[in-house]
1. Within the stretch 4-113, how many Lys pairs that are eight or more residues apart, or on different chains, come under 14 Å at the alpha-carbon?
2. Could you give the C-alpha radius of gyration of the chain expressed as a fraction of 2.2 N^0.38 Å, taking N as the number of residues it contains?
3. About the Cα centre of the stretch 4-113, what is the dipole size in debye to 20, counting +1 per Lys and Arg Cβ and -1 per Asp and Glu Cβ, all else neutral?
4. At 7 Å along Cα-to-Cβ for each site, give me the label-to-label distance between residue 106 and residue 21 in nm.
5. Rank the residues 97, 47 as a footprinting-exposure proxy: fewest other Cβ atoms within 10 Å of their Cβ go first.
6. Using Cβ contacts closer than 10 Å as the measure, can you line up 111, 33 from fewest to most?
7. Mean residue ellipticity at 222 nm from the helices of the chain, using -39,500 (n - 2.57) per DSSP H segment of n ≥ 4 over the full residue count, to the nearest 500 deg cm²/dmol?
8. Using θ = phi - 60° and the Karplus relation 6.51 cos²θ - 1.76 cosθ + 1.60, list the HN-Hα couplings for the stretch 84-98 in order, rounded to whole Hz, with x at every Gly or Pro.
Amino acid sequence: MNNTRVFRMTFASVYPHYVAKAEKKGRTRDEVHAIIHWLTGYDEPSLQAQIDNQVDFETFFARAPRINVNVSKITGVICGYRVEEIEDQLMQQIRYLDKLVDELAKGKAMHKILRK
């Protein structure tokens, strides 16, 4: 499967959808940020810089300070695919983020989302 189109999408174009999905279900922008910080290691200023610079997903994850060591604990189905079985590392990272935001919107407790 050719994922080039997804990889070239800017993170900034998808980010508002993550926030809107969470807020629609009574969650907050800060909780979305906590998920992104946990997954990627970005702090608030560096996350905002990625958004402001309109980086694509490939660059967003390539520049991530550190992908959390517990990402292997993220399991389940997102967009019809089991995240733990996605072979392309970048697509898997994108789907990890999708899955975490989805869990937030479904009301899962933050300590469980962050695999604590």
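1. 10
2. Values: Rg = 13.2 Å, N = 116, 2.2 N^0.38 = 13.4 Å.
For the chain, the normalised Cα radius of gyration is 0.98.
3. 360
4. According to this spin-label approximation, the distance is 1.1 nm.
5. Exposure proxy ranking, most exposed first: 47, 97.
6. Values: 111 8, 33 18.
Fewest to most other Cβ atoms nearby, the residues stand as 111, 33.
7. Values: 7 runs with 67 residues, N = 116.
Rounded to the nearest 500, the figure is -16500 deg cm²/dmol.
8. Coupling constants for the stretch 84-98: 6, 9, 6, 7, 6, 4, 5, 4, 4, 5, 4, 6, 4, 4, 4 Hz.
Laboratory data are not the source of any read-out in this text; all were calculated from the coordinates shown. What you are looking at is a predicted structure, and each value in this text was computed from that prediction instead of being measured. Note: ideal-geometry Cβ built from the backbone for every residue, glycine included; neighbour counts use all protein chains shown.
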